[in-house]
Amino acid sequence: MRKSLIFALLTLAATAVASSAADERGFVSIFNGHDLAGWNTGACPDGFRVEDGCLVTGGGDGGPGLLCTAAAYGNFVFRFEYLLSGVGNSGVMIRADADEQLAWAKGYEIQLLAPWTPHRDDLHCTGSIYGHVAVTNRPDETTGVWHEMEIVCDRQLIIIAVDGKVTTWAEMNYVKSLRSKSLRGPLGLQTNHSGPDQWVKFRNLRLRELDREPDYVVKGFSSTDPRVRKLTHEAALKLDTLLAGQLCALLAEEDSVSSVGAKKALFDIVAAASAPAAPAPVRSSVIKTLQAQAAETESEIVRHHLEWLLGMLEN
């Protein structure tokens, strides 16, 4: 039964990746093509340079290290193009840590590797979750040409595709070595660590942050994983009133996990808006949103709860 489920999900994921390859809605560039603004060089300040709109790392550029985003990301779709020299060796760290010493312990690497060694197996080749999950479909590993990789982090699900074809699919809960890994953190590009004359180039780095999308975030409240629910709660607070309608809908559901999570999120949104230091426009926006939801809902339970929350704001 489980094998059938995995196959079905993998097929669905492959279809989704392929069908969305040309869809760039919601994506934003995270590299400006001119400098390293928005990135932290960490312990290897000379590990990357900018050339012709590309991020370039060469074997003689300062030793092993990571170039990490200043921002942390939890659930996202990350797309970029990469070009490997004949012996290029790099990788992408996901959900890492701002402290480079902790990045490898908390995060996990998606490998980028030229086919230069006979010891390069499916667990350590391009597209693998390095040392954790082997590729199920070997990607095109031709060097000297540009390839596109897509990394999807959907809570516990990780999907990796190269040139529009899924190479790796992993459910973290079912991979022992990934169970304790982080669900949120910076993205990191690994410096090239092969020969001094070798290099790796990156361009067109863009990210779709799923935690900014209300319809995606609200689904996290039904998770049985407390870590997922915690991150969902944090994302809900950032969305604030944009998520109010979905939160109110959850209050009326019988699923106690979802309704409890929605109730707590609404309470914390109201608490922040009712704080003495909260700007008046913020408080006014929350009041108007809750009043509108109270007028629209058909559930007496939801209406009474919203009226109680409004009392906190209007007193």
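Scanning the stretch 178-192 for residues that are under 20 Å from residue 90 (Cα atoms) and part of a loop (DSSP other than H, G, I, E, B) yields 186, 187, 191, 192. Condition check for residue 235 on (1) without any contact (Cβ under 8 Å) to a residue 60 or more places away in the chain; (2) crowded, with 20+ Cβ neighbours inside 10 Å: one failure, at (1).
Please find, among 151, 110, the residue that is within 18 Å of the chain's Cα centre (by Cα) and free of Cβ contacts under 8 Å to residues at least 60 places away in the same chain. Show your work before the answer.
Details: 151 fails: free of Cβ contacts under 8 Å to residues at least 60 places away in the same chain.
Of the residues listed, the single one that is within 18 Å of the chain's Cα centre (by Cα) and free of Cβ contacts under 8 Å to residues at least 60 places away in the same chain is 110.
Screening residue 219 on (1) under 14 Å from the mean Cα position of the chain (by Cα); (2) in a helix (DSSP H, G or I); (3) basic (Lys, Arg) shows it passes everything except condition (1).
Just so you know, all these numbers are worked out from the coordinates, no wet-lab data involved. Just so it is clear, the structure is predicted and the values come from calculations on it, not from any experiment. Reconstructed Cβ throughout: ideal geometry from the backbone, glycine too, with neighbour counts over all protein chains shown.
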